[in-house]
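Read the structure below first, then the notes.
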Amino acid sequence: MSQENSEKVISETILFKITSETHDPKVAEKMRDLLNDKMPLSRLLKASYRSGFIELMDDDDISVSKVLFDTGALHANYIASHFIDRHKHVLSRFMVDHSSTTILGDGQTKVSINQVVVLTVRFEDELQNSYSAELPFCVFDMAQNDMIIGLPAILKHFTPLLVSMIYGAQLHDEESVNGLNSLNDDLVEPWSDPNAVDAPEDSDTPIPCSFPTVLYYMELSHDEAVKEYLDLIPTQVSSDFLHGTQKPLMKLLTSLGVRVFVPTNWNGLTQIDPIKIETLPDMPTQHRPKARPISPKLWEHAASELRRLQGYMYRASSSPVASPIVVAPKATAPFIRMCGDYTWLNPYLLSLNFPIPHVQQELNKICKFEVFLDLDMTNSFHQIPITNETSELLWVVTPLGQFEPIFLPEGIPPASQILQRTVTDIFRDFLDWMIVIFDNFLCSGVRL
């Protein structure tokens, strides 16, 4: 926008009638009545924070970390002088001199305004709906906020956004989801600066994930997965053994082996009944946390991955009990991993207390044998189907909606006992010559 156009916008907008005479209690009362008529719930919330962006036609958008939507700012919008100084090389062309006075929220303190900037700002709600407007801002020396959106702009451009923030704030109070905010007002909203350099610990920390191995193969096309499987055979099978049984072994590995190790879908263990997890009597009947923010860098990949996962690992849900998700980047497609965070739920889940075999005792059992075969069960938890009631307990809330797992996920206390009980039942008739502990199986025998 040129300086001439900026001056025109400023001269034509009512937002910059900000002399002391415009601080009229009657005007304030009328605007608040208008707000309350449009949004009765606005009585619950006078102000709320949101991060956003300044849109620039010929340059990268500028992230604004701390924007206060303030229904008490009756006449204008404001931008912090420290924010202008930080981005002066970009924003100086939008600046114009201006002379007026504004009165702060206490109704008494007067502040001189010497500069105004006209900017296009954009904000998003929890469902990624976008709201933008071209607004004039008074440059004002304030320490706590980067930007303040006043009541007139809220009424004209951002009413639906304020509604979503009001519901979010009400839910926040009821669930006490993010108690850290009450401990420290200086905490930075997660992912508020999409241009920030990733912290070293992000790359050093293992990626949290439900269904990791099976997801890897599901991310590949079937032809790609089969090729990778066949390429692994020479590295995973002894060359002497492969040479000695070349025809029958290769036929087995390239026919039945492909169907077993590179499935076209994921059905889990189809011969067992779905597992139901019991809960304590005092478990809440409702728990709906806010959807955790996802880094703008990861949003496109996360949205695509969430849609894809609905095909075989998750399905849409409307359960009244929910948990948030943890999202982390990875280097290869689909560039995202996610899992449920069941921290709040775990204390209410009943463990089975199924006995876990003692390793030393199990080893004593097979001392008389001479030949051993070690097997490792692939994706053990995720082969165990769960009942609809259990799926509803474990559903997760995301910015794209609510989903529940079809198979047993990691991260819940009963999972290990459920797995041990399942494999013990499957191999019960062979336990005289097998060690079965979780997803590790040791078969033993004698030489003929």
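Bear in mind that the values in this text are calculations on the coordinates, not laboratory data. Quick caveat, the model's predicted, so the values are computed rather than measured. Glycine gets a Cβ as well: all are built from the backbone with ideal geometry, and neighbour counts include every protein chain shown.
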With DSSP loop assignment and no more than 12 other C-beta atoms within 10 Å, the trypsin sites (Lys or Arg not before Pro) in segment 371-448 are ARG447
Expected sort for CYS367, CYS443 with the fewest Cβ neighbours (10 Å cutoff) up front is CYS367, CYS443
Placing each pseudo-label 7 Å from Cα in the direction of the beta carbon, TYR49 and GLN402 end up separated by a distance in nanometres of 2.8
Share (percent) of C-alpha pair distances in segment 299-445 greater than 19 Å works out to 60
Magnitude of the Cβ-charge dipole (Lys and Arg +1, Asp and Glu -1) of segment 299-445 about the Cα centre, nearest 20 debye, reported as 220
Taking only the Cα positions of segment 65-141, the convex hull volume per residue in Å³ is 109
Label model pair HIS243, HIS89: point-to-point distance (7 angstrom along the Cα→beta-carbon line) in nm is 6.5
When LYS365, LYS66, LYS276 are ranked with the fewest other C-beta atoms within 10 Å first, the list becomes LYS276, LYS365, LYS66
Pseudo-spin-label distance ASN267 to THR235, built 7 Å along Cα→Cβ, given in nm, is 3.0
Surpassing 23 Å at the alpha-carbon level, of the pairs LYS66/LYS290; LYS227/LYS251; LYS88/LYS110; LYS66/LYS88, are LYS88/LYS110
